[in-house]
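Peer 1: After the structure tokens below, expect a handful of questions from me.
The values are calculated or read from the model by the stated rules, or taken from the named source; none is laboratory data. Here the structure is a predicted model, which means the values were calculated and not measured. Cβ placement follows ideal geometry from the backbone for every residue including glycine, while neighbour counts extend to all protein chains displayed. What goes into the accessible areas is simple: the full protein's heavy atoms, side chains included, and nothing from ligands, DNA or RNA. Shrake-Rupley method; radii C 1.70, N 1.55, O 1.52, S 1.80 Å.
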Amino acid sequence: FGALCAAVRVLDVSAVQRRLGERGLGAASRIVGRIKPEDLRLTPQEARALGFFDGARSADEIAAAQPGDAGVVLRLALLLGELDLLSFGPPRTSRPAPAAPPPAAAPPAPRPPAAAAPPPPAAAAASVPPPPSAPPAARAPSTQAAPPPKAAAPRSATPARPAPPARPPAPAPAARPPAPPAPPAPTPSLDAASLQAVLEKQKDADHYQVLGVKRDSPAAAVKAAYFQMARVYHPDAVPGDAAPAVRQLCADVFARISEAWAVLSDDARRAEYLEELKSGGAADVDVMKILHAENLFEEATALVKARRYDAALAKLTEAIQLNADEAEFGMWKAWCEFLLATDKKRQQGVSASSIEAALKKNPRCAPGYLFLGQMAKVIGDLNLAEKHLKRGLQVVPDHPELARELKYLRR
């Protein structure tokens with residue numbers, strides 16, 4: 001379910017609403033499933049949003065009441081619904097269609113040019129040329145001699161300093177031509193041949209090569225590479241008219257991308273993986289085998305709930321052959337073997353040993369403690385049953401099935 005969590009977190013709100021469909025309009029109630037909420041590695045914002053599902057409101061109503069967390073609420077509702085941790089009641093309303101945009105306002109009509117105002121009277125009068133003046137009367141010659149003109153004062157003999165020559169203006173620096181825009185990254189082709197080539201390339205690539213980053217790349221670069229590839233190869237990003245073969249190839253490519261992201265996004269796992277590469281590389285992992293094993297395990301748990309223990313045991317045996325490293329597969333197989341045994345007291349010791357060995361690989365797997373307690377209860381050893389159930393609650397304090405089994409153990 002790690003790949004599913006990562007896939008849901010990259011969806012935009014419109015894609016999430018499409019996937020939710022009518023489920024988003026019914027009351028959302030939290031239920032107990034095989035996967036525990038604490039195993040989902042929820043962010044603080046998602047953990048806070050988990051408390052909003054109260055069984056009275058729908059996912060859409062909760063998102064509307066929490067506009068700041070609307071996207072987180074809807075993505076979490078889709079994730080919990082896909083993992084059978086959230087049930088949806090019948091739709092109570094229909095999702096309204098998006099409102100039409102308001103009509104564009106008409107442009108204002110152009111104003112007519114204002115008429116020129118007549119000039120004021122003073123200005124008009126000033127614009128009229130004055131009448132010609134009469135010629136002056138001839139004056140009689142004066143008998144008094146005119147005084148001689150005064151001589152001009154002598155100038156200083158100091159020559160004036162010449163003005164310094166003007167400096168030519170400095171040439172303006174030449175403007176640099178604008179840098180051409182970077183060409184957009186080419187979108188990978190989603191035809192069957194191209195996708196098959198990507199799959200073949202991924203088979204021999206390590207996690208860094210799958211995401212196209214260097215081994216010393218920072219976490220932000222790894223995250224950006226993952227989200228960029230998820231937008232292309234995620235099954236929800238495939239066009240609706242794509243062929244079934246193309247959709248399956250995209251799912252296979254995205255599964256490999258999600259596997260690389262699951263390792264490189266965790267600091268501890270990334271450091272461990274880097275050490276493995278330096279020491280010669282880790283063993284090859286067949287992603288398709290792991291996914292097939294997970295599907296078989298899901299079918300087996302459904303068969304156990306339907307009390308078809310023999311069919312469930314066959315599915316679990318096949319899943320373990322495909323992925324023997326998954327400890328939980330062995331726990332469920334030991335539980336089915338106990339349920340099918342005619343001598344349950346004898347089988348209890350064998351199944352308990354198998355479950356204890358699996359718990360050493362994964363001590364936080366709550367079903368192991370639950371199976372140990374239920375087997376002890378069936379054979380009548382209530383003290384041993386209580387011991388196993390309390391062990392489980394010490395590791396997973398909020399597990400509802402362990403708490404309920406312990407509550408009704410002696411009733």
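Peer 1: Where only protein heavy atoms count, and the probe is 1.4 Å, what is the accessible area per residue for region 210-365 in Å²?
Peer 2: 55
Peer 1: Would you pull out the residues with amide H under 5 Å of Ser58's amide H, same chain only if 5 or more places away, H placed 1.01 Å from N?
Peer 2: Close amide H contacts, sequence-distant or interchain: Ala28.
Peer 1: Okay, moving on. Which length gain, in nm to one decimal place, applies between Ala403 and Ala357 when the Cα-Cα distance is subtracted from 0.36 nm times their residue separation? Show your work: numbers first, answer last.
Peer 2: Working: separation 46, 0.36 × 46 = 16.56 nm, distance 2.33 nm.
Roughly 14.2 nm would be gained on extension.
Peer 1: Only Cα pairs under 8 Å and at least 6 apart count here; give the relative contact order of region 185-246 as a rounded whole percent.
Peer 2: It comes to 37 percent, rounded to a whole number.
Peer 1: Stretched out fully, how many nm does the piece from Arg410 to Ala65 gain, at 0.36 nm a residue minus the Cα gap? The partial results should precede the final answer.
Peer 2: Numbers: separation 345, 0.36 × 345 = 124.20 nm, distance 4.38 nm.
Length difference between fully extended and current span is 119.8 nm.
Peer 1: Now, a different point. Please compute the net charge surrounding Lys278, taking Lys and Arg as +1 and Asp and Glu as -1 over other residues with Cβ under 14 Å from its Cβ.
Peer 2: -3
Peer 1: Could you check the simple spin-label distance between Asn295 and Asn383, using points 7 Å along Cα→Cβ, in nm with one decimal?
Peer 2: Going from the Asn295 label point to the Asn383 one covers 4.9 nm.
Peer 1: Another one. For Lys305, go through the lysines and keep the ones whose alpha-carbon is under 29 Å away, minus same-chain ones fewer than eight residues off.
Peer 2: In chain and number order, the partners are Lys36, Lys289, Lys315, Lys333, Lys344, Lys345, Lys360, Lys361, Lys377, Lys387, Lys390, Lys407.
Peer 1: Suppose each label sits 7 Å from its Cα in the direction of the beta carbon; what would the Gln196-Ala311 distance come out to in nanometres?
Peer 2: Simple spin-label model gives 3.5 nm for this pair.
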